[in-house]
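Here, each number is a calculation from the coordinates, and none is a lab measurement. What you are looking at is a predicted structure, and each value in this text was computed from that prediction instead of being measured. Here the Cβ is made from the backbone with ideal geometry for all residues, glycine too, and neighbour counts use every protein chain on show.
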Amino acid sequence: MNITKYGHACLIVATEETTLIIDPGELTELPDVLSNVVGVIVTHAHADHLSQSNLQKIRDDSPDFVLYGVQEVIEKCEDIVAKKQVIDADTALQVGDIDISLYYLDHEIIYQTSPCKNLAVKVDDQLYYPGDSFHVIPDHVRTVAVPLSAPWLKSSESIEFAKAMNADVAFPTHNGLLNDAGHSVMNNWIIKGLEGNPTTCKFVKSGEEV
């Protein structure tokens, strides 16, 4: 299984048989060719995670993919994607040869209340991506995507989430709003916070494999 990060918060998971795309939002430039896409998961309806133009691009290359999302996501994509599944509870799926667990959650609070529903995603035992949350699951996964920059987070929360997940490798996501200086500062804090923890930090640029 290969996991490749694109842009702000998009991950492309590929096996020999299946390609799965998570959160191809507005701050993501997708690769030119997107063949054999079986499923797309959009964790919530905010534009940095949901891009109608990116979904159209995926549809043009792989017209039979299934979109998985909360009700608000599905409603916004009604005229774009033919095959859709609303997720409104914790759900287990098989997408091609990939086992998926989806956790139905509140988006982290930005100001006083949560703005919407959000999905966290576990891919086999290889990857956990919490969407816009710090939801911790008890399962051990090899890699965890750690949100790094948003109106709803503090660096201490990112560090505590990475420590609590206790994965083999932690890598940053939700970091498209950071410039080079911001990346350097946040990356250093994650490294410092994980000192003495068995989790290794890996900082990947857009288009690089996790």
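Some values worked out for this structure:
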| quantity | calculated |
| --- | --- |
| Whether the stretch 111-210 is rounded, prolate or oblate, judged on the alpha carbon gyration tensor where a/c under 1.5 counts as rounded | rounded |
| Residues K83, K154, sorted so that the one with the fewest Cβ neighbours within 10 Å comes first | K154, K83 |
| Packing-based ranking, highest mean first, of 84-96, 158-170 given that Cβ atoms within 10 Å are counted | 158-170, 84-96 |
| Violating pairs (Cα-Cα greater than 28 angstrom) within the set K76/K163; K57/K163; K154/K205; K83/K205 | K76/K163; K57/K163; K83/K205 |
| Residue with peak Gaussian network fluctuation, the chain [Cα springs, cutoff 10 Å], from V42, V185, V70 | V185 |
| By average C-beta atoms within 10 angstrom, highest first, the peptides 187-194, 28-35, 14-21 | 14-21, 187-194, 28-35 |
| ³J(HN,Hα) computed for each position of the stretch 90-106 - Karplus, 6.51 cos²θ - 1.76 cosθ + 1.60, integer Hz, glycine/proline x | 4, 9, 9, 10, 10, 10, x, 9, 10, 8, 10, 10, 10, 10, 8, 9, 7 |
